[in-house]
1. Please give the net charge around ILE59, taking every other residue with its beta carbon less than 13 angstrom from that of ILE59, where Lys and Arg add +1 and Asp and Glu add -1.
2. How do HIS88, HIS268 line up, fewest other C-beta atoms within 10 Å first?
3. For the pair LYS282/CYS175, report the inter-label distance in nm, with labels modelled 7 Å from Cα in the Cβ direction.
4. Which aspartates and glutamates, if any, have their Cα less than 18 Å from the Cα of LYS161, not counting same-chain residues under 8 positions apart?
5. On a straight-distance basis, which lysines could pair with LYS282 in a cross-link, Cα separation under 22 angstrom, same-chain partners fewer than 8 positions away excluded?
6. For MET162, MET202, what's the fewest-to-most ordering of other Cβ within 10 Å of each Cβ?
7. If we count every other residue with Cβ under 13 angstrom of ILE71's Cβ, Lys/Arg +1 and Asp/Glu -1, where does the sum land?
8. What nm value, rounded to one decimal, do you get for the distance between ALA80 and ILE223 when each label is placed 7 Å out toward the C-beta?
Amino acid sequence: MTARAVRSTRRAMRFDRAGRDGDARDGRRASSSRAPSSKASFTVVIPALNEETRVREAIASARANASARVIVVDGGSTDATVRVARKHGASVVRSERGRGRQMNAGAAAAAAATGTRDASDVLVFLHADSTLPTGYGELITRALAKRVTGRSREWGAFEFKMGGEREDEGFARTCTRRAIEFGTNARCRLFGMPYGDQALVMRRETFDSVGGFDELPFMEDYIMARKLRRRGAPALFSAPVTTSGRRWDERGFSKVTLMNQVIILGYHIGVPMEKLAEWYKKT
């Protein structure tokens with residue numbers, strides 16, 4: 001073989017190896033940015049504690065998608081929450097109290113029910129005093145399939161709407177409700193930080209990769225959003241989850257809104273979680 005032929009052969013071998021390496025990298029990228037299938041399955045996990053009067057509506061909104069699995073995770077209710085949940089078609093799992101712990105238990109129960117941690121499964125974490133919008137499955141599928149910088153979205157949340165508005169409510173209170181909704185939705189668009197009362201949604205493989213929810217007294221949704229935000233911006237679904245406004249109604253719009261911000265600031269400057277939970281309960 002001539003020297004020229006040897007050089008030509010070596011170049012061809014290098015090119016072939018580079019091509020195989022590139023194919024492998026492309027394959028890994030495709031795997032990590034896989035869009036949800038049009039046949040994606042949905043599991044709606046509803047953590048509950050003494051929510052007998054509200055959990056029925058949360059379940060009904062989730063079951064509007066006929067193919068969705070609905071799991072209520074009870075944290076030790078002393079009322080009829082478990083009976084109501086079963087009566088209205090949800091599977092019930094019992095767990096120790098704590099929303100983060102309960103949501104992890106629901107995700108684990110979903111995996112156990114199918115016998116696999118299906119990458120096509122989409123997890124929807126819905127508070128027991130919230131309801132999903134009509135057609136939520138289609139909204140999620142479309143939004144997560146949209147590609148941003150070559151990748152499909154891994155997680156998202158719905159717009160926020162405060163429920164419980166009364167017909168005889170005054171103009172000022174109505175304006176305050178709308179202002180809170182506007183501020184919440186603007187925060188999500190600007191900073192990509194939705195909270196749990198907007199129903200956090202994520203692919204099963206994303207949930208597993210971030211280690212699930214931190215099992216803390218509270219703020220599990222805020223900390224989960226921070227973990228997910230590091231992986232990419234959320235998809236914001238173009239319809240609202242309606243969440244009970246009872247906390248604002250009972251304790252005052254200004255007080256609750258201000259204390260929420262104080263608690264977040266306290267978290268970032270290192271105030272112990274137990275102390276923050278104490279502040280929250282007093283709000």
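1. Overall, the nearby charge balance is +2.
2. The fewest-first ordering by Cβ neighbours comes to HIS268, HIS88.
3. Modelled inter-label distance: 3.2 nm.
4. GLU57, ASP129, GLU169, GLU181, ASP197, ASP221, ASP249, GLU250
5. LYS255
6. Final ranking by Cβ density, sparse to dense: MET162, MET202.
7. Surrounding charge for ILE71 is +2.
8. So the two model labels end up 3.6 nm from each other.
Only the coordinates and a few stated rules stand behind these numbers; no lab work does. In this text the structure is predicted, and so the values were computed from the model without any measurement. Cβ: placed from backbone, ideal geometry, glycine included. Neighbour counts: every protein chain shown.
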